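Just so you know, all these numbers are worked out from the coordinates, no wet-lab data involved. Here the structure is a predicted model, which means the values were calculated and not measured. Reconstructed Cβ throughout: ideal geometry from the backbone, glycine too, with neighbour counts over all protein chains shown.
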C-alpha cells in the first residue's frame, strides 16, 4: 500500500487546448483558475491524503505555496488551512490516485471532495475560460506528470 507521499506528485493541467493557471479575468475581482492565454501552465503539487488531493501551486511567483480553493462557484488561491480538496476521476469514471496512473500523460476529470464536477463556461469572446462549478461543460483535463513521490516542501525527508 502506497504512502501519501508516494501518491503525491507534481503536474500541469490543460483543457480545451490551453494550459490551466491562475489568471486575471474581467469577470472576477480576484485571480481565478482558468485557461492561460500566455501558453504557460501552473505547476501544481497534488498532495494526497488517502484518496483525495489538495492542489498547491508550485510555480514561482506571488501564488507559490497557495492552494487552489473554491470561492462560491469559482476557484482562486488561498492560504486557509481547510481548503477545497479534489478527487481525480479516471476515464472509467471512478476515483483514482497516482497508483492507477500508469503513464506521465493521462486524461482525467476533477471533482471536489463533495462530488461537484469541475466545469467550464461557454465563452464567445477572446476572454479565457474559467474553471467553475456552475459552468455548462464538464472539463476533461490533460494531465502531465512532472515528478512522482514528491514530499511537502516543509518535510523533504517524509517517507
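Taking the fewest neighbouring Cβ atoms within 10 Å as the starting point, the ordered list for 83, 29 is 29, 83. Counting beta carbons within 10 Å around each of 58, 148 and listing the fewest first gives the order 148, 58. Normalising the Debye intensity of the chain to I(0), with uniform scatterers on Cα atoms only, and taking log10 at q = 0.10, 0.13, 0.21 Å⁻¹ returns -0.32, -0.56, -1.58.
Computed over segment 37-82, the convex hull of the alpha-carbon atoms projects to a mean area of 4.1 nm². In terms of other Cβ atoms within 10 Å, 107, 32, 123 run from fewest to most in the order 107, 123, 32.
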